[in-house]
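Report on one structure; see the data block that follows.
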Amino acid sequence: MELALSRRTDPPFEIIEVGGEIDVYTAPRLREAVVNAVADGALRLIIDVEKVEFLDSTGLGVLVGALKRVRADGGSLDIVCTHERILKIFQITGLDKVFGLHGSVDEARAAGA
């Protein structure tokens, strides 16, 4: 399966919407999108994974790396996810305590306001 990525600015947030599978083959594209967003000056990221069907450890690594990248500059990264299967991955790894997990982009915006 392919990875679908789109990026939009909703000041002060940069929202990256992701769909498909985030795995060893597609994770570099997500990493590139995050790096480009940060290079463009975005420090408050929301990554919407509502349309993600599969997430492996490589994808988790990209998300953790993105969090470190924005936090180093005083930024934030929140994740939009309601799929129980994906949420379970965050819970099992303990990353549910590291990331702000939200049910919608609006929720993530409100939490980061």
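Where a number appears in this text, it was derived from the coordinates with a stated rule and is not lab data. Worth saying up front: this structure is predicted, and the values here are computed from it rather than measured. Please note: Cβ atoms are built from the backbone with ideal geometry, for glycine as well, and neighbour counts cover all protein chains shown.
Residue-wise test of (1) out of contact with any Leu (no Cβ under 6 Å at 6 or more places or on another chain); (2) without any contact (Cβ under 8 Å) to a residue 40 or more places away in the chain; (3) among the small types (Gly, Ala, Ser).
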position	(1), (2), (3)
GLU2	yes, yes, no
PRO11	yes, yes, no
GLU17	yes, yes, no
GLY20	no, yes, yes
ALA27	yes, yes, yes
ALA33	no, yes, yes
ASN36	yes, yes, no
ASP40	yes, yes, no
When restricted to GLU32, GLU50, GLU21, the only residue farther than 18 Å from LYS97 by Cβ, surrounded by fewer than 22 Cβ atoms within 10 Å (Cβ to Cβ) and touching a Cys at 6+ places or on another chain (Cβ under 7 Å) is GLU50
Identify all residues within the range 69-113 that are loosely packed, with under 14 Cβ neighbours inside 10 Å, within 20 Å of GLU53 (Cβ to Cβ) and among the charged types (D, E, K, R); write none if there are none.
GLU84, ARG85, LYS88
Regarding GLU14, is this residue within 13 Å of the chain's Cα centre (by Cα) and part of a helix (DSSP H, G or I)?
no
Scanning the range 57-101 residue by residue, the ones that are closer than 13 Å to LEU45 by Cα, outside any helix (DSSP H, G or I) and touching a strand residue (DSSP E or B) at 6+ places or on another chain (Cβ under 7 Å) total 9
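I want to confirm something. Restricting to the range 30-56 and keeping residues that are of a type in the set (A, V, I, L, M) and in a helix (DSSP H, G or I), which single residue is farthest from PHE13 (Cα to Cα)? First the steps, then the outcome.
Narrowing the range 30-56 to residues of a type in the set (A, V, I, L, M): 30, 33-35, 37-39, 42-43, 45-47, 49, 52, 55.
Now narrow it down to the ones that are in a helix (DSSP H, G or I): 30, 33-35, 37-39.
Values: LEU30: 17, ALA33: 14, VAL34: 13, VAL35: 15, ALA37: 10, VAL38: 11, ALA39: 14 Å.
If we take residues in the range 30-56 being of a type in the set (A, V, I, L, M) and in a helix (DSSP H, G or I), then LEU30 is farthest from PHE13 (Cα to Cα).
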